[in-house]
1. List, in the order given, every pair from Lys58/Lys112; Lys99/Lys219; Lys62/Lys219; Lys88/Lys255; Lys193/Lys243; Lys99/Lys255 whose Cα-Cα distance in the structure shown is over 22 Å.
2. On a straight-distance basis, which aspartates and glutamates could pair with Lys167 in a cross-link, Cα separation under 13 angstrom, same-chain partners fewer than 8 positions away excluded?
3. Can you tell which of Tyr82, Tyr177, Tyr70 shows the greatest fluctuation in a Gaussian network model of the chain with Cα springs below 10 Å?
4. Under 10 Å, Cα contacts only: if you run a Gaussian network model on the chain, which one of Glu195, Glu77, Glu210 comes out with the highest mean-square fluctuation?
5. Treating cross-link reach as a plain straight distance, find the aspartates and glutamates whose alpha-carbon is under 15 Å from the alpha-carbon of Lys66, omitting any fewer than eight places away in the same chain.
6. With everything on Cα atoms, drop me the angle between helix 2-23 and the longest principal axis of the chain, reported from 0 to 90° to the nearest 10.
7. Taking the chain as a Gaussian network, Cα atoms linked when under 10 Å apart, which of Val135, Val108, Val147 shows the biggest mean-square fluctuation?
8. Shape call for the stretch 232-273 from the C-alpha gyration tensor, a ≥ b ≥ c root eigenvalues: rounded (a/c under 1.5), prolate (a/b greater than b/c) or oblate?
Amino acid sequence: MKKTLFTLLIISNFIISGFAQKTVDPKHENHYRDVAPIQTDQFTIEISDAHSQMEFTKIKIKITNKTADYLVLKPSEMVFKYEHGEYKPGKDDIIIPPKDYVTRNLKVTGDKQFHVEALTVIFNGFYLLSAKGTVNTAPDFALPPSVNSFTAGPFEANMLNCTKETKLTTVRFKCIYTGDNYALVDPSKVVCKLEDGREFSNLKSKSKTEILRGGENTKFTVFYEIPSSIIDMQYANMNLVWKDAFIESKLEPLKSQQVNLVIDPGKTAGKNK
C-alpha cells in the first residue's frame, strides 16, 4: 500500500511539474496601463510601451525640454523599484537641447523576477545645464597658421587641416575638454577677422553645440566664404576669433519625479496573442 501511494505521489508531482512547465512562458509580457505625462516647469516626460518579461522591464520615454538651457538625464541614477529589489538602467547620459526633445528606450535586466503586475519608476538624475556658463577665452588663431595648437582654460585644441582658397577657407580642429564639469563647444560662434577689422561668420552658423565631459573630445570644421572683390583669401592674413565658442558649465540638480506602472489586463492579453 505504501509503495502504491509513493508511486502515485511521484506520478502526481510529475504531472503537476509538467503542467507548470507548459503554463510558464518566459517570453510572456505584462503590459502596463498608459500614464499621464509628467509635467514640470523644465520638462515633460511621456512614457509608452511599458512592459516586462521575466528577464527585463522596458519603457520608451520622450523628454521635451521647455527651457533655453540644456537638460541632462543620468539613467544610472534612475530607479526601477519592485517588491523584490531596485534596478537601474545604467546607460549613458541623455542630453536634451534647448526647446527640443529626445526619445529613448530604457531597460533593466539582471534578474528573472521582472514579470510583475506593478512597479515604480523613479526619475532621479535630472539636471539643468546652463547654456551660458563660464566663457573660456581663446587666443586669436592666425591664418595662415603660425602654430597648430592652443589652450583656453580646460580646453585644448589642435588644428588638423587648413585649406585657403580664393573664395573659401576651411579649417578643421580637434578639441579636448580636460575639466571636471561639462563643456559646450559651439563652432558657430567662431568668426574670421580680416586685417581691416571686418568679421565674417562661420557658414555653418547652425552647427550643433557639442557637450563634452572631462577627457572627451570633438572634431569640428569652420567655413568662411568671402567675395574675391573684398579679398583673395589665398594670400590674406586673417584671424579666427573664438568669441564664446568654449563654455564650461555645471549641472544643477532638479527635483526627482516618479510614476507607478500597473498591469493592463486587456493590453496584456492582446499583446500576447
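The numbers here are math on the coordinates, done by the rules we state, and not lab data. Here the structure is a predicted model, which is why all the values come from computation and not from measurement. Glycine gets a Cβ as well: all are built from the backbone with ideal geometry, and neighbour counts include every protein chain shown.
1. Details: Lys58/Lys112 14 Å; Lys99/Lys219 25 Å; Lys62/Lys219 28 Å; Lys88/Lys255 18 Å; Lys193/Lys243 11 Å; Lys99/Lys255 19 Å.
Flagged as over cut-off: Lys99/Lys219; Lys62/Lys219.
2. Within reach: Glu225, Asp232.
3. Among Tyr82, Tyr177, Tyr70, the largest GNM mean-square fluctuation belongs to Tyr82.
4. Answer for the Gaussian network model of the chain: Glu195.
5. Within the straight-line cut-off, Lys66 pairs with Asp41, Glu46, Asp100.
6. The helix 2-23 is inclined about 30 degrees to the chain.
7. Val147
8. Values: a/c = 13.22, a/b = 2.61, b/c = 5.06.
Note, shape of the stretch 232-273 comes out oblate.
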